[in-house]
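No value in this document is a laboratory result; all are computed from the given coordinates. In this text the structure is predicted, and so the values were computed from the model without any measurement. Cβ sites come from the backbone with ideal geometry, for glycine too, and all protein chains shown count toward neighbours.
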Amino acid sequence: MLISVIIPTFNRSDFVIKAIESVLTQSYKDFELIIVDDGSTDDTQERLSSYIAEGVVSVFKTENRGVSAARNFGLSQAKGEWVAFLDSDDIWHPNKLEVQAKYIQDHPKFELVHGEELWIRNGKRINPKKKFQKSGGDIFSKCLDFCVISPSVAIMKKSLLESFGGFREDFIVCEDYDLWLKVTSRQEVGYISEALVSKMGGHSDQLSTKFFAMDYWRIKSLGDILNKGHLNQERLIEVASMIEKKGSVLITGYLKHDNLKDLHEIKTIVETAHQVKEPLLKE
């Protein structure tokens, strides 16, 4: 089972080598490694030159268009039936692919499989709060509030990712939240309780620390899926309720800080959610 591994990177030469080595030292060997340099201006290309010379990886340099575009470009080059992503600041455990390949063989109904991860912040391991506990099966409801699947842990069928058009390139953050919401609204996912990845954090260039009002993007995603027309009544109510919850907080913040740029857009999504929800509650 050929697995296409895709590492998008941007100005992370100090991190990306460790990520690459964690792939090349996998116990499972039937993979191809694709690195997409998203327009780095540091010494990333110099650091990658030895891997290019040895021919052990495929390296592509693109203009800087963001992580979604980099992942999607890597997807367009992938030859495997299955695709696994690794953020350039994370590290796979040596048996990550082997464990997932075995799980896929034993559970062929799943087209997306994820698992646990160790959280490392500023070099120290921390224990995530209980609400971040991962699981499998029908996890759509758990995906509504925040992102519960890490791209660095997930492995999925290439055809599944392509059916949703890959990652949304118009989302500067929460692009993974958006994709998992779409997937889990239509199918169950596989889950491995073993930690397969060390997820590094605490550095200043993390997207989650660079951008505020992450719920703006989550509400946009929720609003889109509300209008897709494939959710049952229970899920429509769940989505609408989450939009109202997040929207109320966001709108209050916008008004308090006189940030009116996105106010009308969010108000419109919240009003639409209310219009969808109220008739359903009366049935």
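Place a +1 charge on the Cβ of each Lys and Arg in region 1-64 and a -1 charge on the Cβ of each Asp and Glu, then give the dipole magnitude about the Cα centre in debye, rounded to the nearest 20. Mind showing how you got there, number by number?
Values: 5 positive and 11 negative charges, 36 e Å.
The dipole of region 1-64 has a size of about 180 debye.
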Requested in this report: Place a +1 charge on the Cβ of each Lys and Arg in region 214-282 and a -1 charge on the Cβ of each Asp and Glu, then give the dipole magnitude about the Cα centre in debye, rounded to the nearest 20.
Outcome: 60 debye
**Report entry** Span from the region 255-276 Cα centroid across to the region 103-136 one, whole angstrom
**Finding:** 34 Å
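I need the trypsin sites (Lys or Arg not before Pro) found in region 1-59, filtered to DSSP loop residues with at most 11 other beta carbons within 10 Å of theirs.
Working: sites: 12, 18, 29, 47; in loops: 12, 29.
Sparse-neighbourhood loop trypsin sites (Lys or Arg not before Pro): 29.
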Report task. Considering Cα pairs under 8 angstrom that are at least six residues apart, work out the relative contact order of region 144-283 and quote it in whole percent. Result -> 23 percent
Query raised in the report: Could you list, bin by bin from short to long, the percent of Cα-Cα pairs of region 214-282 in 10 Å steps?
Result: 22, 54, 20, 4
Query raised in the report: Considering only the other residues whose Cβ falls under 10 Å of the Cβ of residue 19, what net charge follows from Lys and Arg at +1 and Asp and Glu at -1?
Result: -2
Report summary line: Where a ≥ b ≥ c are root eigenvalues of the Cα gyration tensor, a/c under 1.5 meaning rounded, otherwise prolate if a/b exceeds b/c and oblate otherwise, region 85-200 counts as rounded
Query - Dmax and Rg, reported as Rg then Dmax, of region 1-117 (C-alpha, Å) - result: 14.0, 44
Query raised in the report: Ordered by residue, what ³J(HN,Hα) values in Hz, to whole numbers, does region 187-200 give under the Karplus form 6.51 cos²θ - 1.76 cosθ + 1.60, where θ = phi - 60° and Gly and Pro are x?
Result: 7, 7, 10, x, 9, 10, 6, 7, 6, 10, 9, 9, 9, 8
Query raised in the report: Got a sec? How would 81, 117, 188 order by Cβ neighbour count within 10 Å, fewest to most?
Result: 81, 188, 117
Query raised in the report: Which whole DSSP H helices in the chain pass both tests: a Cα extent of 24 Å or more along the axis and a mean Kyte-Doolittle value no lower than -0.5?
Result: 233-256, 263-282
**Report entry** Signed unit charges on C-beta, dipole axis of the chain, positive-most listed residue 225, 64, 95
**Finding:** 225
Query raised in the report: Expressed as a rounded percentage, what relative contact order does the chain have, with Cα pairs under 8 Å and six or more residues apart?
Result: 18 percent
Query raised in the report: Of all DSSP beta bridges in the chain, what percent run antiparallel (nearest 5)?
Result: 30 percent
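Assuming a ≥ b ≥ c are the square roots of the Cα gyration tensor eigenvalues, decide whether region 1-43 counts as rounded (a/c under 1.5), prolate (otherwise, with a/b larger than b/c) or oblate.
Oblate is the answer for region 1-43, as a/c is 1.5 or above yet b/c matches or exceeds a/b.
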Requested in this report: Only residues of region 165-203 count here: report those whose backbone N is under 17 Å from the spot 7 Å along Cα→Cβ of residue 131, or say none.
Outcome: 177
Query raised in the report: What residue among 248, 22, 13 shows peak mean-square fluctuation when the chain is described by a Gaussian network model with Cα springs under 10 Å?
Result: 248
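Could you compute how fast the chain diffuses translationally, taking Rh as the Kirkwood radius over C-alpha pairs and applying Stokes-Einstein at 37 °C with viscosity 0.692 mPa s? Give it in µm² per second.
On the way: Rh = 19.9 Å.
This corresponds to a translational diffusion coefficient of 165 µm²/s.
Within the P(r) computed for region 152-283, what percentage of the Cα pairs occupies the region above 17 Å? Before the final figure, lay out the partial values.
Values: 5697 of 8646 pairs.
Taking all Cα-Cα pairs of region 152-283, the fraction more than 17 Å apart is 66 percent.
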Report task. Before rounding to the nearest 500, sum -39500 (n - 2.57) across all DSSP H runs of length at least 4 in the chain and divide by the residue total; then give [θ] at 222 nm in deg cm²/dmol. Result -> -13500 deg cm²/dmol
Query - Loop-located chymotrypsin sites (Phe, Trp or Tyr not before Pro) in region 140-171 whose Cβ has at most 10 other Cβ within 10 Å (DSSP) - result: none
Query raised in the report: Given H placed 1.01 Å from N in the peptide plane, which residues other than close sequence neighbours of residue 118 have an amide H under 5 Å from its amide H?
Result: 196, 197, 198, 199
